[in-house]
Amino acid sequence: MHCHVDLMDNMEEFSNEALQEKINLLAMTTTPKAFEIEQKKLEAYPNVRVSLGLHPQLVLDRYEEVALVEEFIHTTKFVGEIGLDFNKQFNSSKDRQIMVFKQIIEWCQQSPKKILSIHSVRAYKDVLTILEKYNCPNDNACILHWYSGSPKQLDRAIELGCFFSINDYMINSPNGRSIIQKIPCERLLLESDAPFISNVTTVGQLKRMLNHCISELNIIKGEDASLMITETSHRLLKNFR
């Protein structure tokens with residue numbers, strides 16, 4: 001539910017190999033210009049859906065592309081990677097990030113039933129406040145990508161109805177496993193964030209990593225997490241296609 005196909009050496013070849021392995025990909029983009037390009041290049045692959053994004057880390061340099069987000073957002077059901085990043089090196093653009101994120105969420109509410117993949121670093125309070133203000137989780141599937149916030153904010157996100165995409169990095173860290181234990185199984189989804197995690201650059205590596213995640217999730221949750229994740233993924237994609 002979250003990977004960066006456009007950062008692979010050959011996005012068409014990667015998508016085709018994933019198709020052969022029966023792996024479906026929700027491909028994030030970090031700018032709307034990239035969305036336009038990637039959507040055209042990958043339209044022949046039924047296993048790939050391209051998401052419209054404007055990454056918070058790029059908001060300062062790519063602010064003029066907000067107009068393109070507005071142009072494209074009513075034509076797609078998939079939005080990401082969007083969100084807020086208040087890490088030290090991006091904190092100077094905090095106000096503009098908030099403004100852009102609010103605007104994108106408002107546009108999503110104007111044509112709802114979207115799947116959103118949301119980036120948040122040191123910003124969960126603001127992210128959740130904005131989602132709640134616009135009633136976004138009631139009308140859209142709001143997926144918190146790679147959750148790393150506090151237990152209190154986790155409880156709030158669960159109460160709001162958010163979903164959580166889980167990756168290999170979370171599986172392999174004590175804090176990540178603790179977070180996963182607290183998330184209801186029906187709110188869990190799989191992601192790779194490839195190629196950023198574990199240097200996943202091939203479909204073979206991706207498949208091994210996803211299988212590892214499923215095996216470990218079964219242990220953490222003490223039940224067949226793979227079945228629940230499959231059912232949740234199918235339900236979301238059916239309802240929000």
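Derivation of every value follows stated rules applied to the coordinates shown; laboratory data play no part. Note that the coordinates shown come from a computational prediction; the quantities given were computed from them, not determined experimentally. Cβ: placed from backbone, ideal geometry, glycine included. Neighbour counts: every protein chain shown.
For the subset of segment 108-133 comprising residues that are in contact with an Asp or Glu (Cβ under 7 Å, 6 or more places away or on another chain), buried (at least 18 other Cβ atoms within 10 Å of the Cβ) and of a type outside the set (A, V, I, L, M), which member is nearest to Gly161 (Cα to Cα)?
Selected residue: Ser117.
In this structure, is Ile104 within 17 Å of the chain's Cα centre (by Cα), in a helix (DSSP H, G or I), of a type in the set (A, V, I, L, M) and closer than 16 Å to Gly80 by Cα?
Numbers: within 17 Å of the chain's Cα centre (by Cα): yes; in a helix (DSSP H, G or I): yes; of a type in the set (A, V, I, L, M): yes; closer than 16 Å to Gly80 by Cα: yes.
Yes: the conditions hold for Ile104.
Counting residues that are in contact (Cβ under 8 Å) with a residue 24 or more places away in the chain, closer than 17 Å to Pro195 by Cβ and of a type in the set (A, V, I, L, M, F, W, C), which strands (runs of 3 or more DSSP E) fully inside segment 1-93 reach at least 1?
Details: elements: 25-27, 48-50, 78-85.
In segment 1-93, the matching strands (runs of 3 or more DSSP E) lie at 25-27, 48-50.
Evaluate the following for Leu84: is it in contact with a Pro (Cβ under 6 Å, 6 or more places away or on another chain) and either over 22 Å from Lys238 (Cα atoms) or crowded, with 17+ Cβ neighbours inside 10 Å (or both)? Can you show your working first?
Working: in contact with a Pro (Cβ under 6 Å, 6 or more places away or on another chain): yes; either over 22 Å from Lys238 (Cα atoms) or crowded, with 17+ Cβ neighbours inside 10 Å (or both): yes.
Judged against the criteria, Leu84 is a match.
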